[in-house]
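Here the structure comes first, spelled out in C-alpha cells, and everything after it is commentary.
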Amino acid sequence: MARVQVSEAEKVYILHGIRDDLRVDGRGCEDYRHMEIETDVVSNTDGSAKVTLGHTAVLVGVKAEIGKPRPTVPTEGYLEFFVDCSANATPEFEGRGGEELGTELSNTLYKVFNNKRSIDLKSLCICAGEHCWVLYVDVLLLQCDGNLYDAISVAIKAALFNTKIPKVHISSDDEGGKEIELSDDPYDCMRLNVENVPCIVTLCKVGHRHVVDATLQEKACSVASLIISVTHKGTITCMRKVGGGSLDPESIFEMTEAGKRVGKALHAPLMKLLEQEESLGKKRQKVYTCFPGLPLVSPQPPREESGAK
C-alpha cells in the first residue's frame, strides 16, 4: 500500500480536526471525496468502468468467456479477479512492489463478489456440468491516494452493470453432440442484475474517532481499519480488519454501524446515475457525484452547435 511520511505536527493537526468532525479538506468524518464515474470506456471488453475518488483512479474491465463449471457447483458460473498495481500509481509499485498488494486485493474481492448472494451465478450457466460463463474482472490501479477498496468496489459494480454477455443458442449436431452458437447481434445480449452487488466501505480508526474515505495522510495517522461490504439493504456480507493496531469492541460496533449507514446510502444514487448514463447511449458524459451528502449532478447530453448560415 502506498504510504506517506507525516510529521508529528501534522499528525496533531489531523487528529484534532477529526476529533472536531472537521477534516483537513473540509469534509466530515463520514463524507466521501468528489467521485467521477465513467462506464463503457474500454472497447475490447464486455463491460468497463473508470472511477476517480479524489486522486485515486481505478479502471475495471470485465471479459466474459466460456469455461467449464466447477465440480462442486456444476450449475453456476463464476468470477475471477486480477489486480494490476501500475507503477504509474506510485513509485512503490515499481518492479514487484505491487504484487503483494495486488494479491491481497484480489483475494478480498473474490470473497466479497464471487458468491450467489451478490450475483445470480446460476444465470451464468450455459449447460450444467459442461459450459458456463466465466467473468474475468481485471482491475488496474492508475493513481493511488488512499481508499482503494471503496473505489474498486464502485468501479466493479459499475463495470458489471455495463457488462453485455452474448446470448447463447445450443443446437444438436448429427452425432447427438451439442453445438454452441453466440449471437453476433450487440443488442441480443444478457445483462447482469447488480442490485445485490455490495459496495465496500473502509473505516479508519484515527484517534478516538473513525473516518470514511481516508486520504494517505489520514491513513498514516490510523492505527487500524475495518473493511465492510454492504448491500443496498444495509446488510453486511463481509468484514475484515487490517492494520497493525487493535480495535476495542465498542469501536468495532460504532464502525460497523457507520459502515452500514454509509454503505446503504451509497447504493441508491449510484444505481440511479448508472441508469441515467445508460439511457444517454453514445451521448453519455462523465457522471459527477459526491457521497454521502448526495448532491447529485445528473449527466446532460452535449449541446449541438449550430452551424453558421
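The values are calculated or read from the model by the stated rules, or taken from the named source; none is laboratory data. A quick note: this is a predicted structure, and the numbers were derived from the prediction, not measured. Every residue, glycine among them, receives a Cβ derived from its backbone with ideal geometry; neighbour counts consider all protein chains shown. Each accessible area value is taken on the protein alone, full model and side chains, heavy atoms only, with ligands, DNA and RNA left out. Shrake-Rupley method; radii C 1.70, N 1.55, O 1.52, S 1.80 Å.
Name the residue, out of 6, 41, 24, that is farther than 30 Å from residue 274 by Cα, among the hydrophobic types (A, V, I, L, M, F, W, C), open to solvent by less than 70 Å² (accessible area, probe 1.4 Å) and assigned to a loop (DSSP other than H, G, I, E, B).
Values: 41 fails: farther than 30 Å from residue 274 by Cα; 24 fails: open to solvent by less than 70 Å² (accessible area, probe 1.4 Å).
Exactly one of 6, 41, 24 is farther than 30 Å from residue 274 by Cα, among the hydrophobic types (A, V, I, L, M, F, W, C), open to solvent by less than 70 Å² (accessible area, probe 1.4 Å) and assigned to a loop (DSSP other than H, G, I, E, B), namely 6.
Under 29 Å from residue 53 (Cα atoms) and either under 14 Å from the mean Cα position of the chain (by Cα) or modelled with pLDDT under 85 (or both): is that true of residue 105 in this structure? Don't jump to the end; show me each part of the working.
On the way: under 29 Å from residue 53 (Cα atoms): yes; either under 14 Å from the mean Cα position of the chain (by Cα) or modelled with pLDDT under 85 (or both): yes.
Yes.
Which of the residues spanning region 127-169 are at pLDDT 90 or above, surrounded by fewer than 21 Cβ atoms within 10 Å (Cβ to Cβ) and basic (Lys, Arg)?
Of everything in region 127-169, just one residue is at pLDDT 90 or above, surrounded by fewer than 21 Cβ atoms within 10 Å (Cβ to Cβ) and basic (Lys, Arg), namely 164.
Can you work out which of the residues in region 64-100 that are among the acidic types (Asp, Glu) and within 22 Å of the chain's Cα centre (by Cα) is surrounded by the most Cβ atoms within 10 Å (Cβ to Cβ)? Please lay out each step first, then the result.
As a first pass, look at region 64-100 and keep what is among the acidic types (Asp, Glu): 65, 76, 80, 84, 92, 94, 99-100.
If we keep only those that are within 22 Å of the chain's Cα centre (by Cα) too, we end up with 65, 80, 84, 99-100.
On the way: 65: 10, 80: 15, 84: 18, 99: 13, 100: 11.
In this case the residue turns out to be 84.
Do any residues in region 78-92 that are within 27 Å of residue 128 (Cβ to Cβ) have Cβ atoms under 9 Å from those of residues that are loosely packed, with under 15 Cβ neighbours inside 10 Å, where the two are at least six apart or on different chains, and which pairs are they?
Within 9 Å, the pairs are 78/70; 81/107.
Could you figure out which of (1) farther than 30 Å from residue 146 by Cα; (2) of a type in the set (Val, Ile, Thr); (3) free of Cβ contacts under 8 Å to residues at least 40 places away in the same chain isn't true of residue 103?
(1)
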